[in-house]
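Contents: one structure, followed by commentary.
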Amino acid sequence: MSDFKPIAPKYDSKLFAAIGEELYLSSDLADVYFVFESKNKPNVRVPAHKILLQKGCDAFRAMFNGSWKEKNEVRIVDTPASAFKEFLQFFYKVEVVLTKENVGAVMNLAKQYVMDECVTMCVKFLKNTLNESNVCTRYGMAILYEQVELKKSCETIIGLKANSMFKSADFLSCDRNILAAILGLDWLTCSEVELFEACMAWVKAASKQEVLTTEAVQDHLGDLLYKIRFGAMSMNEFGVLVPSYGKAFSADDYQEIIQIILDEDFKATIFNGKRVKRCEIEPWHYKHIFCNREFSESDSVDPYFLQNIETTKFSVNQPLLLYAFICDHLRLFRDGKYYEMDEELPTKFTIVEVAHSGSTNEEVELYNGDAYLEYICTVVSVSNPIFIRPGFHYEIRMKLDPPVDCCIGSLLQSEVHINDITVQFHDDGDNESSNFIWELRFYKI
């Protein structure tokens, strides 16, 4: 009698993925419903399948093998149905789609049900869609859920985009604890006067008062007022504030502020005694990312002759800070040969963010400056790093007046991968000028 060896079934991952997609939010074979009550509308019943929930989550496994084993309804009172539906994707789908409206609630559920992969994906989504209009809310999430990397990313955007953030509804309505965290940051690209005025705008929004009194400031700002670095202001700067905000200070406040400003040796007892300007602190301790596009050390047999307007277009798959770029070395091409160019080429450059919306492209100018290109590769730095985010295209536009035979000859890649970072260079089909910039230099957030 021959030995019988059972054959292990071969599972088709695509088949199981298709089954999950089909069962998602389907009442077919559903054995549990999550019920969401509404005052003015009928209850929403979201179908699910215990076996899939138990397979993907220890908390659900314990739940459905315990007191809920025989029950087929679970009432949810602290999460909207739309957010819970997004959360359920993690049990059914290979590719999960999150929305900015629900990602906070989804992350809350992920923490509640101890689903680390779900938390990681939520954090990635929050980082990749971070901007000055939502950073305060997301900073609060990072602090609440103890997400260190998200917290660092938020602090980077807060520091880099301080003045535009101060004008956002997100800042004016933020929790007092978030304002306290912002005031605790050492690096902000704004003056202390601008920070103080932002705090006063926040108090106005919270108190619904246009003329602020000492009582209103103390009721809403409290001891956060004393985190302002008046020692980083000049007497003239503080004097300009007095006509608009004079009633916000007590007599003791006035006395100490004046002493802090005028006497460098004075030891403050009420206010923050720091005199260093936050905008002058060097924050760039981040990891350097060098996006080197060189494809080959050999020169192209067909040189690219420079035009009066050169545009390099690129996009990224995760947030980065652009602090410099390198232009390829300039040469002359005569009689089929390359020659070194021995003169500088004055250049004006502009960096633009382009949002594609249907058939229109909305542009925002992020930076403009001057550079002098020469026969060696020229490093062009920006004074403050530029926030580069996924979902947008960026263009470095250079205006120059090159000699007729001025060219570049390097062979460069159109896509560069640095670990988990991808930088894609785009050609609109009408020009090849994206070959002009040889390297982009970033900080990784």
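Just a few scattered comments:
- Verdict on ASP342 being outside any strand (DSSP E or B) and either touching a Phe, Trp or Tyr at 6+ places or on another chain (Cβ under 7 Å) or closer than 30 Å to CYS154 by Cβ (or both): yes
- PHE314 vs. criteria out of contact with any Cys (no Cβ under 8 Å at 6 or more places or on another chain), crowded, with 18+ Cβ neighbours inside 10 Å, closer than 30 Å to LEU330 by Cα and assigned by TED's automatic domain parsing to the domain that holds HIS356: yes
- The lone exception for GLY336 - which of (1) free of Cβ contacts under 8 Å to residues at least 60 places away in the same chain; (2) within 15 Å of THR312 (Cα to Cα) it fails: (2)
- Residue within segment 320-328 that is over 25 Å from ILE157 (Cα atoms) and surrounded by 12 or more Cβ atoms within 10 Å (Cβ to Cβ) present: yes
- Test: residue in segment 121-133 that is assigned to a loop (DSSP other than H, G, I, E, B) and crowded, with 20+ Cβ neighbours inside 10 Å: yes
- Strands (runs of 3 or more DSSP E) wholly inside segment 24-95 containing at least 3 residues that are touching a residue at least 12 places away in the same chain (Cβ under 8 Å) and either on the phi > 0 side of the Ramachandran plot or surrounded by 15 or more Cβ atoms within 10 Å (Cβ to Cβ) (or both): 32-36, 44-48
- The residue that is farthest from GLN424 (Cα to Cα), counting only those in segment 351-400 that are among the hydroxyl-bearing types (Ser, Thr, Tyr) and not in a loop (DSSP other than H, G, I, E, B), is TYR372.
- Each residue in segment 229-249 was checked for being surrounded by 14 or more Cβ atoms within 10 Å (Cβ to Cβ) and among the polar types (S, T, N, Q), and 0 of them qualify.
- Selection from segment 142-167 of residues that are of a type in the set (A, V, I, L, M) and surrounded by fewer than 20 Cβ atoms within 10 Å (Cβ to Cβ): ILE143, LEU144, VAL148
The values are calculated or read from the model by the stated rules, or taken from the named source; none is laboratory data. Remember, predicted model here, so these are calculated numbers, not experimental data. Neighbour counts are summed over all protein chains in view; Cβ atoms, including those assigned to glycine, are modelled from backbone coordinates with ideal geometry.
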